[in-house]
Every structure is written in structure tokens, then in C-alpha cells.
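First comes the structure, then the notes that go with it.
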Amino acid sequence: MTAYLVTIAILVCEAALIGLALNFQWGLAGLVNFGVVGFVAIGAYVTALLTPELGWLPAMAAAAAISAALSTGLALLSIRLEENYLAIVTIGFGEIVRLVILNEEWLTHGALGIADISRPFAAFGEGLGGDLVFIVFSGALLALVFLTLEGLTRSPFGRALRAIRDDATVTAALGKPVFALRVRAFAVGGAVMGVAGALHAFYLRYIDPSQFTPIVTAYAFMAVIAGGRGSNVGLVLGAGSIMALLEGTRFLKDFVSVIDGVQLSALRLGLIGVGIVLLLILRPQGLVAEPRRRAADVLPGGRD
């Protein structure tokens, strides 16, 4: 049971990292990214390939940098498109990544995947002790990313992104470089997705194309919607809630004997879907509403 709880804790950290990245791109800047799984896969494969040569920390940094670079390139090509077309482009990018990692065997080992990926702090050994150390590492990584994105969200950069999301035309009329700010936001989100992919590779120690399916992107959007679009605190709560529901409902088969494995899998996703619909109806702002600064908070003498 302890090992199972450890697994859930690490999965929550990974889901929260992916969700924080999407929340920065979509929740804060209004940039739809349906290719989330592609950037996560890139981070995982870069980490798996470079860790034996460089060590885990440079490999993770490279995963973040390469994911950010590809995010920047994709943004420069497509971010001027309308929202619907941007969504189509990102879907295409995710599919391209899937096909590359599946077919370029000389680089990714194709469907066989990459095994024996070294974990950070491997000197602490395997088993429960090693997993507990990895939980601390995952939690520290999540805290670092959370504080970084929260700082960016509260900075002038973050406020400009929120203004672009609400009305890009007015923001441009006020002299803000809308295109450049959107590209930077997309790059930041891509870097965090690369870090999440690195964490995924480190924990499982084996990756293959079957692990990177569109459901990863769906879970990320679920977490953002449930937590509250634009709220980092809500996102962490939303990611935790989604993963808890996904894992907790595995035990339904112990109470309802007429459900087989296939039906249980569909029922679990259905329950989460129903929960999100109810949340959107009863609390459309999510579990934690997006923090908003009032004019009184920024104008001199506004509280007088």
C-alpha cells in the first residue's frame, strides 16, 4: 500500500507540472495548446538519451531548453493564427512527435523504447527508500516550478499576458508587443513540459511511444479547468483531484462485481467528465478563482 501511495504522489507531481505549463500558456495567455503530450515526450526522450552521457541534471536542463526552443519555433510559425487554427497546428505537432519517436529507431529505439534510465540520487538505492527520496526530489521540483511561474504571473510580464488574453487589440493599442509576449509565454510553458517529461522518464526508468498518447493532453486540460483557469494554486489542487479520482476509482471493481476491466476504464473517465461538467455549472471559476488585482492595489492613494 505504501508503494502505491508513493506512486500516486509522484504522478500528482508530474501531472501538476504539466498542468502548470498549460495553465501558463492557456489559462494566463489564452494560447490553446493541444500538443502538450508532444513536448512532454520530447523532454522524456531528451532526458533518456542524454543522462548516460551528461548526468541527470544537465540532461534535465537540456530537456527544458530543447522543449523551449521547439515551442519558440512552433510559436513563431503559428501563433499569429486564430485560436482554432493554432489548436489544429499544435495537434499536428503532437502527432509529428509521436510518429518520429515511433519510427526513428536509430534515435529513439522505436516501439521498443529506452530502458535503464538513471534516476537522480540513485546512490540511495532502489525500493521504498529510493522512492521516498524521489518523492522529495519531485516535490522540490514542483515547488520550484510553482514559485517561478507564480512570480512570473504576478510580474508585469504576467499582467501583460492576462491583458492579451482578455483583449489583444486593446493591449496592442497600449504599446505592448503582443506577438513577442505570446512567443515568450509559449516558450516558458514548453520548458516546463520538458521538465515534466524528464520527471516521467526518471520515475519509470523506461519510456516508449505508448506512454505518450493524447490522453495526457486531456488530463492537463481537465486539471486546468477543475482547478481554475489562471490560478496556479487551483491547478495544483485540480491535478491532485484528477489523479486521486483516476487512481481511487480503480477499486470500484472490488465493490461492483458486474464491471469488468474495459467497462471500469470507461466508467472512470466518464465519472471525471461528469464531475467537470458539474463543476463548470456550479463553480465555473474552478476550485480556486484566478487572483485579480484591483485598481486600488496599484494606483497611488487608491486605498485612501
Quiz prompt | Unique residue being modelled with pLDDT under 90 and under 20 Å from E290 (Cα atoms) when the list is I215, I242 | solution = I242
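Conditions (1) more than 26 Å from L144 (Cα to Cα); (2) in contact with a Ser or Thr (Cβ under 6 Å, 6 or more places away or on another chain); (3) of a type in the set (F, W, Y), marked per residue:
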residue	(1), (2), (3)
Y4	no, no, yes
F24	no, no, yes
V32	no, no, no
G38	no, no, no
A64	no, no, no
E82	yes, no, no
V89	yes, yes, no
G94	yes, no, no
Quiz item: Out of the residues in the stretch 277-290 that are in contact (Cβ under 8 Å) with a residue 40 or more places away in the chain and open to solvent by 60 Å² or more (accessible area, probe 1.4 Å), which is farthest from G158 (Cα to Cα)?
Solution: L280
Practice problem: Mind listing whichever residues of the stretch 153-179 are of a type in the set (A, V, I, L, M, F, W, C), open to solvent by 50 Å² or more (accessible area, probe 1.4 Å) and in a helix (DSSP H, G or I)? | Solution: V170, A172, A173, F179
Practice problem: State yes or no: is R80 farther than 25 Å from G227 by Cβ and not in a helix (DSSP H, G or I)? | Solution: yes
Quiz item: Which one of these does F202 not meet: (1) open to solvent by less than 10 Å² (accessible area, probe 1.4 Å); (2) farther than 23 Å from V46 by Cβ; (3) assigned to a helix (DSSP H, G or I)?
Solution: (2)
Practice problem: For the stretch 5-26, state whether one or more residues are surrounded by 22 or more Cβ atoms within 10 Å (Cβ to Cβ), farther than 23 Å from G139 by Cβ and in contact with a helix residue (DSSP H, G or I) (Cβ under 8 Å, 6 or more places away or on another chain). | Solution: yes
Quiz prompt | N84 open to solvent by 60 Å² or more (accessible area, probe 1.4 Å), at pLDDT 90 or above and either farther than 26 Å from S138 by Cβ or not aliphatic (A, V, I, L, M) (or both) | solution = no
Quiz item: Just one of A185, A163 is touching a residue at least 12 places away in the same chain (Cβ under 8 Å) and touching a Leu at 6+ places or on another chain (Cβ under 6 Å); which is it?
Solution: A185
Quiz item: Considering only the stretch 48-79, how many residues are surrounded by 19 or more Cβ atoms within 10 Å (Cβ to Cβ), hydrophobic (A, V, I, L, M, F, W, C) and farther than 28 Å from R182 by Cα?
Solution: 4
Practice problem: Go through the stretch 214-234 and give me each residue that's among the β-branched types (V, I, T) and over 18 Å from S67 (Cβ atoms). | Solution: I215, V224, I225, V233
Self-check item: Hits in the stretch 26-54 - residues which are hydrophobic (A, V, I, L, M, F, W, C) and in a loop (DSSP other than H, G, I, E, B)
Solution: A29, L31, V32, F34
Quiz prompt | Only listed residue being part of a helix (DSSP H, G or I), without any contact (Cβ under 8 Å) to a residue 60 or more places away in the chain, under 19 Å from L142 (Cα atoms) and open to solvent by less than 10 Å² (accessible area, probe 1.4 Å), chosen from G238, G190, G234 | solution = G234
Self-check item: Considering residues of the stretch 90-111 that are free of Cβ contacts under 8 Å to residues at least 40 places away in the same chain and of a type in the set (A, V, I, L, M) only, the residue surrounded by the fewest Cβ atoms within 10 Å (Cβ to Cβ)
Solution: L99
Quiz item: So is I91 β-branched (V, I, T), closer than 25 Å to V12 by Cα and part of a loop (DSSP other than H, G, I, E, B) or not?
Solution: no
Quiz prompt | Filter pass, L199 being under 30 Å from I114 (Cβ atoms) and without any contact (Cβ under 8 Å) to a residue 24 or more places away in the chain | solution = no
Quiz item: Within the stretch 205-219, restricting attention to residues that are part of a helix (DSSP H, G or I) and open to solvent by less than 40 Å² (accessible area, probe 1.4 Å), which residue is nearest to T51 (Cα to Cα)?
Solution: P209
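The values are calculated or read from the model by the stated rules, or taken from the named source; none is laboratory data. The shown structure was predicted, so the numbers you read here are calculated from the model rather than taken from an experiment. When we count neighbours, we look across all protein chains shown, and the Cβ atoms used for this are built from the backbone with ideal geometry, even at glycine. When the accessible area is computed, the model is the full protein with side chains, heavy atoms only, and any ligands, DNA or RNA have been set aside. Shrake-Rupley method; radii C 1.70, N 1.55, O 1.52, S 1.80 Å.
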